[in-house]
Protein chains: 2
Amino acid sequence: MPKTYDEFKQLDMRLDMSRGKPAPEQLDLAWALLNEAGSTGFLARDGFDCRNYGHALGLPEAREFGASLLDVPVGQVVAAGNSSLELMYDALAFAMSFGVPAGEPWSRGDVAFLCPVPGYDRHFSICAALGIRMIPVPMTDDGPDMDVVEALVREDASIKGIWCVPLYSNPSGAIYSAEVVHRLASMPTAAADFRLFWDDAYRFHHLTDTRHTTPNVLDACVAAGHPDRALIFASLSKVTIASGAIAFLASSPRNLAWWQQRSAVRTIGPDKLNQLRHVKLLRDRAGVEQLMERHRALLRPKFDAVTAAFRERLTGVPDVSWNEPAGGYFISLYVPAGLAKRTVALAAAAGLVLTPAGAAFPHGDDPHDRHLRIAPTFPSLDEVHVAAQGIALSLLRAIDEATR
Amino acid sequence: MPKTYDEFKQLDMRLDMSRGKPAPEQLDLAWALLNEAGSTGFLARDGFDCRNYGHALGLPEAREFGASLLDVPVGQVVAAGNSSLELMYDALAFAMSFGVPAGEPWSRGDVAFLCPVPGYDRHFSICAALGIRMIPVPMTDDGPDMDVVEALVREDASIKGIWCVPLYSNPSGAIYSAEVVHRLASMPTAAADFRLFWDDAYRFHHLTDTRHTTPNVLDACVAAGHPDRALIFASLSKVTIASGAIAFLASSPRNLAWWQQRSAVRTIGPDKLNQLRHVKLLRDRAGVEQLMERHRALLRPKFDAVTAAFRERLTGVPDVSWNEPAGGYFISLYVPAGLAKRTVALAAAAGLVLTPAGAAFPHGDDPHDRHLRIAPTFPSLDEVHVAAQGIALSLLRAIDEATR
């Protein structure tokens, strides 16, 4: 293990830790099972030929599977292609061009979204591309700061929605509390067509013995008299095959009808053979949970390696902190103001590519240059051990430079 | 075989011929081969793990494959998901919201598309959904009536594009002539950002010994000084698996960069495992052509059954005609004015569901109610024999009713 930044640099690593990608060993878990399922043919349980056109909202058993995973009625779930990001983009693009049910096109006026920060860079990229103004709001360990959120949405009718990653939030690891979910579902909003874009990306991605959950947001919205407020997005990309899984959209019957109408123009439907393979492979929620235990066995040591290195090197260093997430794909490292970019540059100079500093903020702009997103899933455990030391040593060098 | 409409009705068929779907026997052709390819793993030729994220524009060998199929440089092809319709929608939606390279968003003004009729209903649905005005232009056997097209685009800057199915056009079977392609590529347009939406859906779908081709439209556009005019769309949906193949987009380098920029926000990329299976299964253009010979062997008798029945029953009937296509998926049947809808209704009353009359026209409105789209691919050959008689008998009954 390197003991100084210069020793780390001499290792001349060639490692890209910039994205939250699963490791090959994780992909092996589902691959073996998918290959078995591949021999089970192309007929759905009702005899439907999954090779042909049809079922634009997804294979019925894939929708049922999604409904059981998301704990919503099957009629309120779409089983789609290989990317929940596409569903989020399309939902937002449809809202911009056509409006949501009973609303006018969002693009007719100024449109803003609340963006809890730090957050997911791809959410922010969608807003930037669609010309949606982004208003950062602070994250707490329980979700977004609801006093700030409520005050903003009550007054400003241009605020049409908020990005939410309710469980093991990307990248802070926050778990939305029941109170936060209740307040999001029930808060008065100046915009009648306000939407929660609920990206339940890490619903089954536990790193501890506790399978954390968040309250059912559709139920919470119904109970609060806002049945159409939430759009839930999820996928199995980090359960089975990163680029070849199933994505789901769940919402109210009215929003589903809207989605069906809009998406029917665009698509002939998803790859139902892949959906069939997934249903046959995973069977049900228990099947997913079993598989995720095996992911956890691979991932937990990597997260522990990072936090152990940080504890060893960074304990007591002023203005430095990090989270030890109970799930998800990321660790957030907070460094002294003004040193995040420099830390990333020092790591890069030693051959370790980190997520660009600021990526977790709208337009890539971390106003205090304090936040680093660490993505320990893809490299091997040995590499993570070295990389974690390298990150800590790069930060210490940056601090040293700044105080010289 | 039924001899009268009443006999046909007594058969009480339960057959849906409304869409151009491949038959199960066609899907079997690729299925066996895909299953073999399934055992060949997940590694691309350069060792890339196709199960993980990456290659948003498609697996390099899948792009090469597409380039060889479409006869364009590999850097100008995207290998995407399971639907070329999605690529067409997204390209048009991107143009509406953001404009094409160096243009302003189309949605800022009145936007119109030329729609050769009869044409493909899903093209027209996209225009309708996006608020694009549709201007029908007549089809000839050589493609759209270019005198009409040239006169319109020269004067009207709101006309931003035209839908083209250059080979075995849906549903007329027209084959664009070299002159038509040249005129489309070179015609002066009032809109500087005019685009050819070139849906090369039936490029390999021959029904005769002659493998018809149309000139390379990208080359034609470059030669005419309009390098960015054409966007080519194609897919293997009717080559391998209808809902699980590969779609391709090909265009100029500048348009490709535009596509990459816009689509990178939306997607994490296509299912590369499926692309790998396809490349391993089909190998190259010769592999596709071999497979298409086997499709042809299944399809040709069905098309022959329809035209034989029409010849038997409808020869000499005033104002009735049909085409005998050299490729593609459809036969157009022209009936006396005002009788298309009635013919469809009579067939439906006998249990035979045809494509709705008017479907091949913008907004489903055939001004003379004359055109029927016949889709003989999906039913068995025996069913096609009966259905073709049934269509002819339904039409004769409609004529009989009208002249009583």
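What's the center-to-center distance, using Cα atoms, between region B:1-65 and region B:377-394 in Å? So the separation of the two Cα centres works out to 23 Å. Couplings 3J(HN,Hα) for region B:98-103, derived from phi with the Karplus relation 6.51 cos²θ - 1.76 cosθ + 1.60 (θ = phi - 60°), are 10, x, 8, x, 6, x Hz, where x marks Gly and Pro.
Once the C-beta distance of A:Met1 and B:Asn35 is scaled by a Förster radius of 45 Å, the resulting FRET efficiency is 0.40 to the nearest 0.05.
Among all lysine pairs in chain B that are eight or more places apart or on different chains, how many have alpha carbons less than 21 angstrom apart? All intermediate terms of the calculation are to be shown ahead of the outcome.
Values: B:Lys3/B:Lys302; B:Lys9/B:Lys341; B:Lys21/B:Lys238; B:Lys21/B:Lys302; B:Lys238/B:Lys272; B:Lys238/B:Lys280; B:Lys238/B:Lys302; B:Lys272/B:Lys280.
Close lysine pairs under the 21 Å cut-off: 8.
Spatially, region A:239-318 and region B:313-360 are offset by 48 Å when compared through their Cα centroids. About the centre of its Cα atoms, region A:39-282 shows a dipole size close to 780 debye [charges on the beta carbon of Lys, Arg (+1) and Asp, Glu (-1) only; nearest 20 debye].
Where the convex hull is taken over the Cα atoms of the protein assembly as shown, what is its projected area averaged over directions, in nm²?
It is 35.4 nm².
Shown in residue order for region B:224-230 are the 3J(HN,Hα) couplings computed by the Karplus curve 6.51 cos²θ - 1.76 cosθ + 1.60 at θ = phi - 60°: 8, x, 10, x, 9, 6, 9 Hz (x for Gly and Pro). Taking a label point 7 Å from the Cα of A:Val353 along the Cα→Cβ vector, which residues of region A:1-42 have an amide N closer than 14 Å to it? Within reach of a label on A:Val353: A:13-21. Projecting the Cα atoms of B:His278, B:Thr208, B:Leu69 onto the dipole axis of region B:41-283, where Lys and Arg carry +1 and Asp and Glu carry -1 at the beta carbon, places B:His278 farthest toward the positive end. Label positions at A:Ala224 and A:Leu43, each projected 7 Å from the Cα along the C-beta direction, are separated by 4.8 nm. For B:Val111, nonlocal amide neighbours, meaning residues 5 or more places apart or on other chains whose placed amide H falls under 5 Å from its own, are B:Arg133. Under 5 Å from the amide H of B:His205 lie the amide H atoms of B:Gly328, each residue being 5 or more positions distant or on a separate chain, with H modelled from the backbone and absent for Pro and chain starts.
Assuming a ≥ b ≥ c are the square roots of the Cα gyration tensor eigenvalues, decide whether chain A counts as rounded (a/c under 1.5), prolate (otherwise, with a/b larger than b/c) or oblate. If you can, show how the numbers build up before the last one.
Values: a/c = 2.10, a/b = 1.30, b/c = 1.62.
Oblate shape, in that a/c is at least 1.5 and b/c is the bigger or equal ratio.
Taking θ as phi - 60° and the Karplus parameters 6.51, -1.76 and 1.60, the scalar couplings of region B:211-217 work out to 8, 5, 9, 10, x, 4, 6 Hz in sequence order, x denoting glycine and proline.
Please work out the FRET efficiency for the pair A:Leu298 and A:His212, using the Cβ-Cβ distance as r and a Förster radius of 22 Å; give the result to the nearest 0.05. Taking R0 as 22 Å, the efficiency between A:Leu298 and A:His212 is 0.70. At q = 0.18, 0.19 Å⁻¹ the log10 of I(q)/I(0) for region B:316-404 amounts to -0.77, -0.86, computed by Debye summation with a single uniform scatterer per C-alpha, solvent ignored. Note on B:15-21: average number of Cβ atoms from other chains within 10 Å of each residue's Cβ is 1. Placing pseudo-labels 7 Å out from each Cα toward the beta carbon at B:Arg14 and B:Arg133 gives an inter-label distance of 4.8 nm.
Computed from the coordinates by the stated procedures, all read-outs in this text should not be read as laboratory data. Keep in mind it's a predicted model, so treat the numbers as computed, not measured. Cβ atoms come from the backbone with ideal geometry, glycine included; neighbour counts cover every protein chain shown.
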